[in-house]
Amino acid sequence: MTNMKPMTMGQQFGRRSWAEPWKIKMVEPIKMSSRPDRERAIQEAGYNTFLLRSEDVYIDLLTDSGTSAMSDRQWAGMMLGDEAYAGSKNFYNLESAVKKYYGYKHLVPTHQGRGAEHLISQALIKPGHVIPGNMYFTTTRLHQELAGGKFVDVIIDAAHDPLNMHPFKGNIDLDKLETLIKQVGADKIPYVSLAGTVNMAGGQPVSMENVKAVRALCDRHGIRLYLDATRMAENAWFIQQREEGYLDKKIADIVKEFCSFTDGAWMSAKKDNLVNIGGWLAMNHDDLFEATSNLVVIYEGLHTYGGMAGRDMEALAIGIEESLQDDHMNSRIGQVLYLGELLTDWGIPIVHPVGGHAIFLDAKVIYEHIPQSAFPAQTLAAQLYLDSGIRSMERGVVSAGRDAVTGDHRYPKLELVRLTIPRRVYTQAHMDVVAEAVKAVYDERKNVKGLKMVFEPKYLRFFQARFAPV
Ligand SMILES: *Cc1c(COP(=O)(O)O)cnc(C)c1O
């Protein structure tokens, strides 16, 4: 008699299984719906998953933004809110957490990431300026444009190829950056806008070697370097796993080292930092601190709360510390990789290598018969919802918007649907359900037609645009 034991996923994939470094203390029921319910709901939502009601959603993978589960320590911290208008003690706790873990000298709190993007853009960008960066992010680029600047993508070419296995597809192409500096002149570049990891490329990381080289190039030309630190903790995990010499370094130390090559950062704390609302801007230069800690009182709130309640700042200070623990990051990205491995085994076209916060389905390949002008990724997100009540997000031609000068659609090379995994929220069984739903939609791909846009808002159209079947 052979002694056959069932294999765990980890054994099948040739590594030990991970499990979450927490147990569940409180649950929130979610409901499954019927196909006719979902047909009605998606039609009412104009085939835009942003316009669905969350109670009509079974597994919500729209975004990892503000959707994290807080820990019991964070909830306890909420009770310690010092709701003073000025000088709340929670602000000082937050300030020391940012200093301790990210290493910057000054902190300006904001209500969320785009509040910080607004302040830094208004303070540093003048009409005619050019801001190089490693692929655009929607709100980042819009704030740079609204301040009169023009964003120029200087990411390496590999980032635009969903099958290229480069371990650091978020890297800046140093030749592209240097050519741009020569073309427009360093005095027209207020700063380089570096994101770790790169959301729009599929959550792809930047290497430590790259940030060091970008820093050196910026120094030669007297240009500042600011970091979009929204998913920097996840970026650090990839450095730990993939870059030589980092395997036995702690995530927290890698983050601090990386940040030391930059002059400051903006943060959507709704991502890495494990809170439901919040953000910050931090910097080393005194002049930027003076300018933005003045601007913040116009747009966000006093410079010691910036749109957050005292309790929000306390939960954020604790969230920062928890977000940089190695155990947390192993299970956070382990869960994303688990889903990615299932889909890869089943032959579903996704962006490789799998990034830190999400799986990106390649809608251009899945719906090769639907032209980009009929919104294949928007269509795929709607089909996934119709099949199983799973909510995902378009990251393709709708998200890319229109060219600020010509007014035409921007047609990005990548036409993707993002399945974004909230932190500490769903179980491995939920991931199995998601994988099976994607497979079912994939098997039906030949029978699907595209969409037409019937309403288009002026700004960030992907949030509010409405569609109808062609
Ligand atoms: C979410 C996000 C932002 C904007 O932050 P909000 O908190 O949503 O305003 C900026 N950059 C990146 C990379 C993001 O993912």
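The values are calculated or read from the model by the stated rules, or taken from the named source; none is laboratory data. Treat the numbers as computed from the prediction; the structure is a model and nothing was measured. Neighbour counts are summed over all protein chains in view; Cβ atoms, including those assigned to glycine, are modelled from backbone coordinates with ideal geometry.
Just so you know, in the range 222-238 the residues that are surrounded by fewer than 23 Cβ atoms within 10 Å (Cβ to Cβ) and touching a residue at least 40 places away in the same chain (Cβ under 8 Å) include one that is nearest to the ligand (Cβ to nearest atom), and it is Arg224.
Tell me yes or no: at least one residue of the range 208-221 is of a type in the set (Val, Ile, Thr) and either in contact (Cβ under 8 Å) with a residue 24 or more places away in the chain or in a strand (DSSP E or B) (or both). Yes, the conditions are met somewhere in the range 208-221. Here is a check on your reading of the model: is Val154 more than 14 Å from the ligand (Cβ to nearest atom) and under 22 Å from the mean Cα position of the chain (by Cα)? Taking the combined requirement at face value, the residue satisfies it. Evaluation of Ala116 against the conditions (1) over 30 Å from Asp387 (Cα atoms); (2) touching a strand residue (DSSP E or B) at 6+ places or on another chain (Cβ under 9 Å); (3) more than 16 Å from the ligand (Cβ to nearest atom) shows that the sole unmet condition is (3). Looking for something surrounded by 23 or more Cβ atoms within 10 Å (Cβ to Cβ), within 16 Å of the ligand (Cβ to nearest atom) and assigned to a helix (DSSP H, G or I) - is there at least one such residue anywhere in the range 293-303? Looking through the range 293-303, at least one residue is surrounded by 23 or more Cβ atoms within 10 Å (Cβ to Cβ), within 16 Å of the ligand (Cβ to nearest atom) and assigned to a helix (DSSP H, G or I). Determine if the range 360-372 includes at least one residue that is under 17 Å from the mean Cα position of the chain (by Cα) and within 23 Å of Phe463 (Cα to Cα). Yes - at least one qualifying residue is present in the range 360-372.
Taking the criterion of being surrounded by fewer than 20 Cβ atoms within 10 Å (Cβ to Cβ) and assigned to a loop (DSSP other than H, G, I, E, B), the residues of the range 304-326 that qualify are Gly307, Ala309, Gln325.
Kindly indicate whether any position in the range 91-109 is over 22 Å from His285 (Cβ atoms), modelled with pLDDT of 95 or more, part of a loop (DSSP other than H, G, I, E, B) and among the small types (Gly, Ala, Ser). Walk me through it before giving the result.
Looking only at the range 91-109, we keep the residues that are over 22 Å from His285 (Cβ atoms), and these are 93.
Next, only the ones that are modelled with pLDDT of 95 or more stay: 93.
Imposing the further condition that a residue be part of a loop (DSSP other than H, G, I, E, B) reduces the set to none.
So far as the range 91-109 goes, no, none of its residues is over 22 Å from His285 (Cβ atoms), modelled with pLDDT of 95 or more, part of a loop (DSSP other than H, G, I, E, B) and among the small types (Gly, Ala, Ser).
Restricting to the range 330-350, name every residue that is crowded, with 20+ Cβ neighbours inside 10 Å and among the hydroxyl-bearing types (Ser, Thr, Tyr). Tyr338 - this is the single residue of the range 330-350 that is crowded, with 20+ Cβ neighbours inside 10 Å and among the hydroxyl-bearing types (Ser, Thr, Tyr).
Of the residues Glu44, Glu95, only one is touching a Leu at 6+ places or on another chain (Cβ under 6 Å) and without any contact (Cβ under 8 Å) to a residue 40 or more places away in the chain; which? Before you say what the answer is, go through the steps one by one.
Numbers: Glu44 fails: touching a Leu at 6+ places or on another chain (Cβ under 6 Å).
Only one candidate qualifies: Glu95.
Of Met79, Met165, all but one fail to be of a type in the set (A, V, I, L, M), in contact (Cβ under 8 Å) with a residue 12 or more places away in the chain and closer than 30 Å to Leu361 by Cα; the exception is Met165. Taken over the range 177-216, the residue count meeting the criterion of being over 30 Å from Leu337 (Cα atoms) and within 16 Å of the ligand (Cβ to nearest atom) is 2.
Counting only residues that are assigned to a helix (DSSP H, G or I) and either within 16 Å of the ligand (Cβ to nearest atom) or more than 20 Å from Leu460 (Cα to Cα) (or both), the range 48-72 holds 5 of them.
Among the numbered conditions (1) out of contact with any Ser or Thr (no Cβ under 9 Å at 6 or more places or on another chain); (2) more than 15 Å from the ligand (Cβ to nearest atom); (3) assigned to a strand (DSSP E or B), the only one that Asp287 does not meet is (3). Taken together, Val206, Val184, Val192, Val214 contain a single residue that is outside the structural domain of Lys413 (by TED's automatic domain parsing) and closer than 25 Å to Leu274 by Cβ, which is Val206. Among residues of the range 327-354 that are under 17 Å from Pro422 (Cβ atoms), those with a beta-carbon under 7 Å from a residue that is polar (S, T, N, Q) and surrounded by fewer than 18 Cβ atoms within 10 Å (Cβ to Cβ) at least six positions away or on a different chain give the pairs Tyr338/Gln428. A single entry from Arg418, Arg410, Arg402 fulfils the requirement of being closer than 18 Å to Thr63 by Cα and either in contact with an Asp or Glu (Cβ under 6 Å, 6 or more places away or on another chain) or in the same structural domain as Tyr367 (by TED's automatic domain parsing) (or both): Arg418. Checking each residue in the range 239-272 for being closer than 14 Å to Thr197 by Cα and within 16 Å of the ligand (Cβ to nearest atom) picks out Val255, Phe258, Cys259, Ala265, Trp266, Met267, Ser268, Lys271, Asp272.
Consider the range 80-106 and keep the residues that are within 16 Å of the ligand (Cβ to nearest atom) and of a type in the set (A, V, I, L, M, F, W, C). The one that is surrounded by the fewest Cβ atoms within 10 Å (Cβ to Cβ) is Val98.
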